[in-house]
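The values are calculated or read from the model by the stated rules, or taken from the named source; none is laboratory data. Being a predicted model, the structure only gives us computed values, none of them experimental. Neighbour counts run over all protein chains shown; Cβ positions are idealised from the backbone, glycine included.
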Amino acid sequence: MAVKEGLWYEKKEDKRVYCLLCPHGCTFGPDKSGKRIVRKNIDGKLIASNYGKAGAQALDPIEKKPLYHFYPGSFVLSVGARGCNFKCEFCQNWQLAQGNHKEHDITPLGLVSTVERYGQYYNVIGLAYTYSEPFMWYEFVFDCARTARQAKLKNTVVTNGFINPGPLEEILPYIDAVNIDVKGFTGEFYREVVHGAYGPVLQTADTAKKRGCHVEITTLLIPGLNDSEQELERLVGWIENTLGKDTPLHFSRYYPNHRMQVEPTPLETLFRARELAGERLHYVYLGNIGPTEASHTYCPECGSRVITRSGDAVDLNGLVENDCRSCGRHIEVVI
């Protein structure tokens, strides 16, 4: 794979480079890397060292991203590369995110061909850039998303949302749906546990929504760290007031991983969070706990089940096009 010069950076004196991709704003000299290993300075140029290299690839149900309101029951080809601009103490994919993972070469055209091949047997709508942090794979995702769009495929991104406005605005016209990890709702949690800031994350979600991208939000609930009722109320209030009551919210169960060994999230915490959020939002789901009634979609008007999810099986019999079969209310889902 040819060396790929990075986008969104400035050249400085003494062959130093200033990366403009994310709010960290790393400046580094020749033969050095930014904080997150994948953007390197080679002879005064910023090089995207992970371009054309994937550390993970699989055919997934769209619900696994999770995207519950974007072509439910369909599949996506998921791909991910090393690199992340956060260092979450609880990271679920730390081997890939930090580069300790076997890689293979890929191309945009090769991925599109793979989607089309799978499409002979499954309802594959496109690609999902996921697993680690897709925006640290920015140059490849940008090229691949444009190639996929030309092939009339969908592009979905599962991201931590920590990206600067300029690069975000450049890539959003080629992105159809995003699931954004809002990992908590305090500066302290982001500083001490995530090693970043949450203001830019909220701005990313707001911008994506305003640009017509389908947006869903995920929050991994960690006992004693980001699961207080006060913090959840702030999160839910932000979603309601900024993104809208129809924005799907996914609460996910935490399990010990990487550097964090806190006990798994109690189920009662998850169901209480869903109850609290459901007072203000129309669609709230629970993940990492197996199939439950919290996996299904219900009509906000009459309470009828409109989408049933059981494992990988998805049943849309409660819908007539985008409307509730029982009462006729419009359900905010892309089908």
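Restricting LEU168, LEU225, LEU127 to residues that are out of contact with any strand residue (DSSP E or B) (no Cβ under 6 Å at 6 or more places or on another chain), more than 23 Å from ASN257 (Cα to Cα) and among the aliphatic types (A, V, I, L, M) narrows the list to LEU168. Pick from region 77-133 the residues that are closer than 18 Å to GLY34 by Cβ and among the charged types (D, E, K, R): which of them is surrounded by the most Cβ atoms within 10 Å (Cβ to Cβ)? Top of the filtered list is GLU133. One residue stands out in region 324-335 among those that are assigned to a strand (DSSP E or B) and among the hydrophobic types (A, V, I, L, M, F, W, C): the one that is farthest from the chain's Cα centre (by Cα), namely CYS324.
May I ask you to list the residues in region 289-314 that are surrounded by fewer than 16 Cβ atoms within 10 Å (Cβ to Cβ) and in contact (Cβ under 8 Å) with a residue 24 or more places away in the chain? Selection gives GLU301, CYS302, ASP312.
Has region 246-269 got at least one residue that is in contact with a helix residue (DSSP H, G or I) (Cβ under 7 Å, 6 or more places away or on another chain), among the acidic types (Asp, Glu) and assigned by TED's automatic domain parsing to the domain that holds GLU63? Lay out the reasoning, then the answer.
If we filter region 246-269 for residues that are in contact with a helix residue (DSSP H, G or I) (Cβ under 7 Å, 6 or more places away or on another chain), which is where we start, we get 247, 249, 251, 253, 258.
Going one step further and asking which of them are among the acidic types (Asp, Glu), we end up with none.
There is no residue in region 246-269 that is in contact with a helix residue (DSSP H, G or I) (Cβ under 7 Å, 6 or more places away or on another chain), among the acidic types (Asp, Glu) and assigned by TED's automatic domain parsing to the domain that holds GLU63.
Taking the criterion of being within 25 Å of CYS213 (Cβ to Cβ) and not in a loop (DSSP other than H, G, I, E, B), the residues of region 295-323 that qualify are SER295, THR297, TYR298, VAL306, ILE307, ARG309, VAL314, LEU319, ASP323. When VAL178, VAL215, VAL157, VAL193 are checked against the criterion of being aliphatic (A, V, I, L, M), assigned by TED's automatic domain parsing to the domain that holds LEU276, surrounded by 21 or more Cβ atoms within 10 Å (Cβ to Cβ) and not in a strand (DSSP E or B), a single residue qualifies: VAL193.
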